[in-house]
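Heads up: the structure comes next, in structure tokens.
The values are calculated or read from the model by the stated rules, or taken from the named source; none is laboratory data. Computed from a predicted structure; not experimentally measured. As a convention, Cβ positions derive from the backbone with ideal geometry for all residues, glycine included, and neighbour counts pool all protein chains shown.
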Amino acid sequence: MDISYFDFDLPEDRIAQMPLKERDEAKLMVIDREHHTFEHRVFHDLLDYLRPGDVLVRNNTKVIPARLIGVKEDTKGKVEVLLLHELPDEGKDVWECLVGNAHSVRVGSTCSFGEGKLRCTCIKVLPEGIRHMQFHYEGIFLEVLDSLGLMPLPPYIKKQCEDKDDYQTVYAKVPGSAAAPTAGFHFTQELFEKAKAMGVEVLDITLNIGLGTFRPVKVQDTKNHVMHHETYEIDAYTAERLNLAKKEGRRIIAIGTTSVRTLESCLQKHGAFTPVHEATDIFISPGYHYLAVDALITNFHLPKSTLVMLVSAFMGRKWTLHCYKEAIKADYRFFSFGDAMFIYGAPNNDNAEDEALGE
């Protein structure tokens, strides 16, 4: 499918630059994908659309301060390194990194951060600015990183958060991501407790978000886009509860696109929810038939992004873009710190045109 089918005009002032003081006061567009209707609510009104037996699935990954700014030791030139994910098979403290001005970082190049408190040496060169870097330090790596690193905010957010927790969900637990599962920003612990009290089940999965979030779609035909591998994990308890929900016909509601990719990857590969710790490069775009997810909570995403494609596969491309236009008219805030949508209802057969476009 041509990438232009997922483009839309977004005024720059609609891009949220900071989170709301009260997370659950964000706007919420509630969308019935079956009947093509929507309404404007506030995020904490989500409880009005949940019912006993629903299962909320959230990605409990925790963002690490993965952006490092330092110097190359040989030239003293500035270097920026973004840690994507650890590579334990390649040795101790080896990470896949995205390096700015990467042409100057070759095998054997060493970079220094915080006047040598943290150093890394390039051990492998890959295309598109990717390098495998081995880190050297004293003490505990995550503590050193926390003292020197910056939160890896997307480039459309112009300044760092005053509080690092602003770029974390309230349920972040497992360190390892280079970006946050931003649909979860709108939840508070109180909102989860209210949902549980009404009979909603809350389950955790983990997908450590890496390069896929930062890599734009550069091909004209979306079928030629290749997703970067990201690691996900589902434990035995969560797999058992998800399988039971499917058997009983209860709704599985994914909080965010990373939860979608985790659930769909597992069910597509294994035929049932299974305890796994593995990698996925699943690319969900129109023509994909959802197996796992019945409803979706997500933010408003970048034009021509894989995330817009994932949402379009869930509720139809034309209807997705229509809802985006309506959100712009209604002054919704977009992207990571922006507002949200809750999409529910049975699939609509209007996706047939999208499938034809993708042929």
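Screening M309 against (1) part of a loop (DSSP other than H, G, I, E, B); (2) modelled with pLDDT of 95 or more leaves a single unmet condition, (1).
Which of the residues belonging to the range 262-288 are at negative phi, of a type outside the set (D, E), touching a residue at least 40 places away in the same chain (Cβ under 8 Å) and not in a strand (DSSP E or B)? Residues satisfying the conditions are T262, L263, T274, P275, I282, F283, S285, P286. Looking at V71, V94, which is the one that is outside the structural domain of L302 (by TED's automatic domain parsing), surrounded by 14 or more Cβ atoms within 10 Å (Cβ to Cβ) and under 28 Å from the mean Cα position of the chain (by Cα)? Just one listed residue meets the conditions, V94. Screening S259 against (1) surrounded by 13 or more Cβ atoms within 10 Å (Cβ to Cβ); (2) out of contact with any Leu (no Cβ under 8 Å at 6 or more places or on another chain) leaves a single unmet condition, (2).
Residue pairs whose Cβ atoms lie under 6 Å apart, separated by 6 or more positions or on different chains, with the first residue in the range 109-133 and touching a residue at least 40 places away in the same chain (Cβ under 8 Å) and the second outside any strand (DSSP E or B) and acidic (D, E), are S112/E73. For S177, the criteria (1) surrounded by 15 or more Cβ atoms within 10 Å (Cβ to Cβ); (2) more than 18 Å from R261 (Cβ to Cβ); (3) of a type in the set (S, T, Y) hold in every case but one, which is (2).
Suppose we keep only residues that are aliphatic (A, V, I, L, M) and assigned to a loop (DSSP other than H, G, I, E, B) within the range 1-29. Which one would you say is farthest from K304 (Cα to Cα)?
L20
When restricted to residues that are within 30 Å of V105 (Cβ to Cβ), of a type in the set (A, V, I, L, M) and in contact (Cβ under 8 Å) with a residue 60 or more places away in the chain, the range 46-72 contains 5.
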